[in-house]
Amino acid sequence: MNKIWIIHNSEHGNSEKISHQLAEGLKDEYEVTVKSIRGLTPEEVAKEEPYGLIVALRVLAFRADNEMRAFLVKLDKLIQKPISKIAYFFTHALKWKKLFAKGMDKTLKKIGCVEEICPEFLEVKMEKAEGPAVEGSDEKINEYVSTLKNFLK
Ligand SMILES: Cc1cc2nc3c(=O)[nH]c(=O)nc-3n(C[C@H](O)[C@H](O)[C@H](O)COP(=O)(O)O)c2cc1C
């Protein structure tokens, strides 16, 4: 089974929960590892040579989490074997704005360690910063599992 890593930087648990939901949906076809980047080094991810990487991004002050983006830039610098596929999702508490994704677009342009970027991303709105996700989110997350399965083929 190909290895997929899902990395998050969750504080309130929202992006961690969704990471596990995605992992649950993918685990029949992939060997999935979910990890917080808190206490994880980019070296540890690089060493595993994952086939795919799924990145959870919290929206903080209208931007995709800077710490996660910095982690990806560090990973890019030391990775030997390119990651075949990368996908990402956002959790946020305000109305979704395209601007939230801009920083991540920039980061993805900067990093050369990935071969293919999933053309669709997931965004899940929270009722408030601490969660829970708004009604209908589980269906959206399940649909994204199908999107990921097609993309990861
Ligand atoms: C300091 C801070 C700033 C935030 N800024 C925004 C924001 O600008 N836009 C938004 O939609 N949500 C914002 N949020 C909400 C978070 O994106 C949301 O709670 C997210 O799900 C947190 O992920 P986590 O539960 O995995 O830590 C903010 C939350 C915190 C704590």
If you take the Cα atoms of the range 3-152, find Rg, then find the Kirkwood Rh from the mean of 1/r over all pairs, what is Rg/Rh?
-> 0.93
Please identify the trypsin sites (Lys or Arg not before Pro) of the range 54-145 that satisfy two criteria: DSSP loop assignment and at most 10 other Cβ atoms within 10 Å. Which are they?
-> LYS95, LYS98, LYS128
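Pairwise over distinct Cα atoms, reciprocal of the mean inverse distance: report the Kirkwood radius of the range 1-63 in Å, one decimal place. Don't jump to the answer; show the numbers that get you there.
Numbers: mean 1/r = 0.0822 Å⁻¹.
Kirkwood hydrodynamic radius for the range 1-63: 12.2 Å.
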Gain upon complete extension [LEU60, LYS98; 0.36 nm per residue less C-alpha separation] = 12.3 nm
Within the chain, excluding any chymotrypsin sites (Phe, Trp or Tyr not before Pro) found in a DSSP loop (not H, G, I, E or B) and having at most 15 other Cβ atoms within 10 Å, the longest uninterrupted segment runs 1-61
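Could you tell me which trypsin sites (Lys or Arg not before Pro) in the range 1-34 are loop residues by DSSP with no more than 15 other beta carbons within 10 angstrom of their beta carbon?
On the way: sites: LYS3, LYS17, LYS27; in loops: LYS27.
Filter output for the range 1-34: LYS27.
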Starting from the Cα-Cα distance between GLU44 and HIS20, subtract it from 0.36 nm times their residue separation and give me the gain in nm to one decimal.
-> 6.7 nm
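For a 23 Å ceiling on Cα separation, which of these pairs sit above it: LYS85/LYS106; LYS98/LYS140; LYS27/LYS97; LYS17/LYS109; LYS85/LYS109?
With Cα atoms farther than 23 Å apart: LYS27/LYS97; LYS17/LYS109.
Name the GluC sites (Glu not before Pro) in the range 1-82 that are in a loop by DSSP and that have at most 15 other C-beta atoms within 10 Å, would you? Before the final figure, lay out the partial values.
On the way: sites: GLU11, GLU16, GLU24, GLU29, GLU31, GLU43, GLU44, GLU48, GLU67; in loops: GLU11, GLU29.
Answer by residue number: GLU11, GLU29.
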In whole angstrom, the spacing between the Cα centers of the range 107-127 and the range 1-60 equals 13 Å
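Every number in this text was worked out from the coordinates using simple rules, so none of it is lab data. Computed from a prediction, not measured in an experiment: that's the story for all the values here. Note that each Cβ is placed from the backbone with ideal geometry, even for glycine, and that neighbours are counted across all protein chains shown.
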